[in-house]
Each structure stands twice: as C-alpha cells, then as structure tokens.
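Single-structure report; data block below.
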C-alpha cells in the first residue's frame, strides 16, 4: 500500500490506495510540493478507498492551484474516487475525468 | 399515487401558534414581574409545540429557531440557569421574531432573515453553543411532495468523530434518487486546512417516496454534529424531468439569495373564526327547536279551522322567538373576546415605560367582553394609539409624579363592558390630564377657534379630535395628545361608534369609546324622504324635533341653520342631498332628526318617520357601487330596499362645506 508520492520534476502526485483521513497529512505534504511546480498531475488510478476528508483536501488543493495559476491534470481516477466525488457533488469542482478501470 | 398536502393544515397551525406566542408573551411578562416556575413550563410547552408544528409542516427555519429558544428554556426549566431580566428580554425578542416568521410564512416568503439568524445565534450563545453560519435559505413547502430538500452542514469536528458524510450520503442514495450540491463557501485556503476538519456542506435533493423518518434516521447519529434541515420538495414528481435541479447552478456560487419560492396566493388575513363548541351546540339546539316549530306549523296546512287559530298564533310566536334566538346565536359566532386586543398591551406598556423611564401599572378589566370580529380587528390600532399617548403624554415621570404628590407608579386602566346594547371601552390614566391653556393656544394658532373665552372643558377637550389640530410639528408637551386623534376618531366613527374624553388637570384623563355590538345588524329609524325609505342609525340620533319656520335662519350662501340647545346647527335636507324630488319643502311639514356624526351635529330634514326597526346591513359597495352619503342598504318587510344613511359621511361633508 503505497504512500502519497510527489515527483518534483513534473509535480506528479500519486494518491494512495487507502486515501482516507488517517493518511491525509502525507497526502497534503505531497500536494503542497506539487503546488510549487509549474503544473501538477494527480494520479488517482490506484485509489481503492476514499472519504470526505480526502475529497475535501483535493477540492481545496484544486482551488489553491487555480489561484496560484498551477495547471492540474488527472493521470487517472479510479472508480472508487469517481464514485465518492460524484456522491459528494464534487466531480465538477475536482474536474475529474471519467473513471478509469482500476 | 395519492399524496396529502400539508398546506391545508397550515392555517390551523398558524392560528394555534399565534395563541401559543401570545401565551408565551403573557407568561414572560409575568415572569418579568417575578412569577413562579409553572410559568416557565408553560412557555416551554408553547415553544415546543411551535417547534414540532414547524418541523412537521415544513418550516425548518422556524423549527431551527425555536429549537434554540427551547434549549434556553430547558435550562431555565431545570433550574440550571436563573431567570433574569436579560433572559426575559431575549425571549420576548424571540417571540417577536417568531411572529415575523409566521407573517412571512403566511405570505409565502422565506422565513429566515438576517435578524432572525442573528437572534438564533444569540439564543445559542446564551446556552453556550456556537452555531455554524446560517443554513441554506429555506424554501416553503406548499404542495404535495415526493421527496425531500435537505440542507446538511456538518460541524467541523464530524470527521474526526468518525462520521463520514460520504457514508451518510451513500445511505441516503439507497433511499431514492439523490442529487448533491456541495457548498464550498466555507472551505479555507490550502495551508489553513486541517484535513481532519470538515468545512463542506451540502444541499441535497432526495427524490422518491421516502418517509421523513427514514431520511432523519440516516442522520440520527450525527444530529448533534451538524445543522440539518429536511423539508418536502415543493411539488416534486419523481418522473418530472424538467424540474430545474440544484446541480444546474454554478457550484461555487454562494447561495445567499433565496430561491424562487413557489407561492400560493396566501392572503394574510385569515378568513376563519374559531368558535367555542358550546356556541355551536346552542346553535344546533335552536335549529332543532325551529324544526319542531316548523313541523308543528306544518300540520295547519292540512286541516285548519278557526278553532285552531289560537294554536297557530302560539306557533307563530314560537317561530318568532326561535328566529330571534337563532339570530343572536349566529351573531354570537362572530363575537370574540376583546382579550385578543387587550393582550398586546402588557408588552407594549412594559416596553414603552422602560423606554420613557416611566413606571406604569396596567390594569385590564372586562377582557372577556365580546365584540364582533370585524370591529375587533379594526379597533386595535385606535386603542394602541390611545394607550401610547396615555403613557407618552398622560402619565408623568416618577419625579414629576412625586412633585405632584402622587405615587411613583402611574396607573393605566383599560376596561371593556356592555352598556345599553353597546360595547364601551375606557382608557383611563392617572396622569397630568389635558393642558387646557396649551390646547386653546394651539387651537387659536391653527385657526380652529376664534377665541378661547367661554369654552367649556368638554369643548376644549373636543378640540384635540379636530383634523387641523394634529398636523403641527410635535413641539409642545401636549401635542402628542393631538397627533392622529382625528384619525382615531374617524376609525371609531367608521365602525359606527363614538369617542369622548373627560379630563381633570392633574388627575388624569379618560377616553371612552362606544362601539356597536355588531356591524351586520343596526338599529335604525325608518324615515320617508320623497316617497323613498331611508334608515338612520339609531346610535347617531340625538333627538327628533319639529321646527317652525321662524326658528330657521338662512345664511349667506343658502345654508339653513336652526337653534338647538345653545348651538346653531345646519339643516341638511335629505331630498336635496339624495336628489329625490317630491318631498315636503316647508319646514313645519316635516321633521328634523338631530344626528351626531364625525364633524359634529347636523339636522336631517325628512318628510316623516315611520318607526324603529332592526336592519340587516347589505353592502352597497359589493352589490352596486359606493354612493356618497349612503353606508349600505337593507331589505324591508315588504321586500323593498331602503338605503342606510351614512351620518358620519354626511356630517363630514357638511363640515367641509362650512369650512370651505
């Protein structure tokens, strides 16, 4: 079960499989780093479990990125991630692509 | 699928809640004066009923507001908190606020506003809680609904407490078709965000045949950790594809503006009367009697001979008696105790007294005296005016009272009673009384009188009712006595009543309002003018006189005057006023009815008088159109129509003509 990782060069953040409240401090650190890159890429393809806290963090991240002029793209979004975002009415806010098979 | 519209119960809920609010206010005022614990229980019960009703009938804002008031009352009830003036004040303001909410509910507007929200937070703060910002503006549920609009705002700590909104929303989605719109307005910046705190909120629409209890059940565990309101979707249909749903709105837009509210033409004035059950029972009894009498009379149809004449007469007498009783009973249905008007005064007197630094003891007498509903509705404002004036200008401040050798506390007394078939309402105070010199000076200045010499006290007091008297800027101590007094008199006169004042300098004033029991039936004198029948209301008649020609004086401009009890009164020939020719011209041939109306006394010249009778008033306005000088019509025993003379209007017209 991988932790959130940031690749400094392209601001790529890979979200962990268990993307829930307990692991969010690490995800937040990774996202903070991504905000310093010219463009950020979120990879949510591996997310198996997600909760409100995580989706809220992502929403805040996207707003911050937009405010700073950092472009954000999705490298993948699992069905679990998509489903959670849809349930909370956050798909538009997160600009999630259609779910990719996990 | 059949659905029950809750809207049909709204009016009852409003009526009952108004009574509850009145009871709350009365109890709070009593509490303010050091009442006992039982009062708190009463207030709590009233608040609780309103809260329950508000939640049931789809007024979540009201329920939320009452909930906070109830929490505070709960602490008072348990003795966890002492009752002090501040709390009573806060709760009184809450009562006012709820009244405002009810008024808005009745006109179909959103219930919560900035003021109510502020007060709600104040109430919560009083019990040591802080609330999240206002929930999304509520909409009114008017109609059958097959779904729920849910406003769900978790408190910050909900996530850390192990409750995940995502899970709750998933559960909701299992109940029906769920649309979620996230509210992002409270999201902090990235750095400021503690990922374990919840800053999101949701507006949800759950469509489907779902019980409220089921929806509420989902939130059972988080009730204390969120602001939640659940109300029926207005007129939603499960398959209604073209209902604009929330998701179509820009997500990030903070919705502070209320959504379009589906509105039914709700008239603010309730067209209903609540009637005591014993009144209905007596009606049913009477109708029973009437049926018996009718069947008794029916037997005469088959075989009647002169020997049974006496029985027939008895039957007819019985019929007459029952009809009269029935009429009284039916009129009684419209009769309501004046308490509903009096009840507003304890609060008003308290607030005014505090504001003006005066100590006022209010005495209410005869609150159970019953008045026609229409009269009751219209007498409120004049009474408020008089009470306000009495406190503002009649009663003195404690030090001035002491200087005048009176106790610190002034007494204001409202008394209602039956007198000679009328209702008399007296507003008396033991204040300074009218200031004769100041009134005379003012009247001279405004040209209402030529000189103050020889004016009786009554005549001076009467000056304050003159229209010109009140238009001046409020500068002198007495001017308040005159502000709007002409309006007060006009309102009373329009109700077919009269108003008078007695005042003793240094001792106080008494305003006496005399009102008819009902507006639907008047006692009148039938007069003939040019072959037509007219009814002159008995209440306005002073006397009937026959004049001789030499008693009549003609003044410049063609007006006629006659001398009547130390005064010269104008003669109004009704045949001229109503344009019906063929009447008698010579003053000796006819009669003059001296009537007292709005502007003073006038002599109405008529051909002859027929007699006194009760007249059932029919509106001319509703059936034909408004006619100057006529207040209505009635149908006589022979089926012909008689017009009812509008004495107040005619005398106003005469006064204006004289003034012009």
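Read-outs throughout are calculated quantities, based only on the coordinates presented, and are distinct from any laboratory measurement. Just so it is clear, the model here is predicted, and its values are computed rather than measured. Reconstructed Cβ throughout: ideal geometry from the backbone, glycine too, with neighbour counts over all protein chains shown.
Things worth noting here:
- Three-way shape call for chain B based on the alpha-carbon gyration tensor, with the a/c threshold at 1.5: prolate
- For residues of A:48-54, the mean tally of beta carbons on other chains within 10 Å: 5
- Between residue B:437 and residue B:278, the C-beta separation translates, for a Förster distance of 51 Å, into a calculated FRET efficiency of about 0.40.
- Spin-label pair residue A:66/residue B:224, simplified geometry with 7 Å Cα→Cβ offset, distance in nm: 3.7 nm
- Rounded to 5, the percent of DSSP beta bridges in the range B:285-415 classed as antiparallel: 35 percent
- For the range B:346-449, a/c is not less than 1.5, where a ≥ b ≥ c are the root eigenvalues of the C-alpha gyration tensor, and a/b does not top b/c. That puts it in the oblate class.
- Placing a label point 7 Å from the Cα of residue B:331 along the Cα-to-Cβ direction, the residues of the range B:488-518 whose backbone N falls under 11 Å from that point are B:516-518.
- The mean sequence distance of close C-alpha pairs (under 8 Å, at least 6 residues apart), as a share of the length of the range A:16-102, puts its relative contact order at 34 percent.
- Extension gain, residue B:314 back to residue B:392 (0.36 nm per residue minus Cα-Cα distance, nm): 22.0 nm
- Here the contact order of chain B, divided by its residue count and restricted to Cα pairs under 8 Å and six or more residues apart, works out to 8 percent.
- Taking all Cα pairs closer than 8 Å and separated by 6 or more residues, the relative contact order of the range B:8-97 comes to 30 percent.
- For the protein assembly as shown, calculated [θ]222 nm from helices alone, where every DSSP H run of n ≥ 4 adds -39500 (n - 2.57): -12500 deg cm²/dmol
- Kirkwood hydrodynamic radius of the protein assembly as shown, Cα pairs, Å: 32.6 Å
- DSSP beta bridge pairing in the protein assembly as shown, given as percent antiparallel to the nearest 5: 80 percent
- Relative to the current alpha-carbon distance between residue B:502 and residue B:368, full extension at 0.36 nm per residue lengthens the span by 45.7 nm.
- Once the Cβ-Cβ distance of residue B:546 and residue B:80 is raised to the sixth power relative to R0 = 51 Å, the FRET efficiency obtained is 0.05.
- Cα-based shape type of the range B:294-406, given that a ≥ b ≥ c are square roots of the gyration tensor eigenvalues and the cut on a/c is 1.5: prolate
- For the range B:614-630 versus the range B:357-396, the gap between their alpha-carbon centres in whole angstrom: 31 Å
- The convex hull of the Cα atoms of the range B:518-571, projected and averaged over all directions, covers 5.6 nm².
- Each label point was placed 7 Å from the Cα along the Cα-to-Cβ direction; for residue B:586 and residue B:36 their separation is 8.0 nm.
- For q = 0.22 Å⁻¹, Debye-computed log10 I/I(0) when each Cα of the range B:501-619 counts as one equal scatterer: -1.29
- A simple spin-label model places pseudo-atoms 7 Å from Cα toward Cβ; at residue B:403 and residue B:448 they are separated by 2.6 nm.
- Per-selection Kirkwood Rh - the range B:556-611 (Cα, Å, 1 d.p.): 12.1 Å
- For chain B, share of DSSP beta bridges that run antiparallel, in % to the nearest 5: 90 percent
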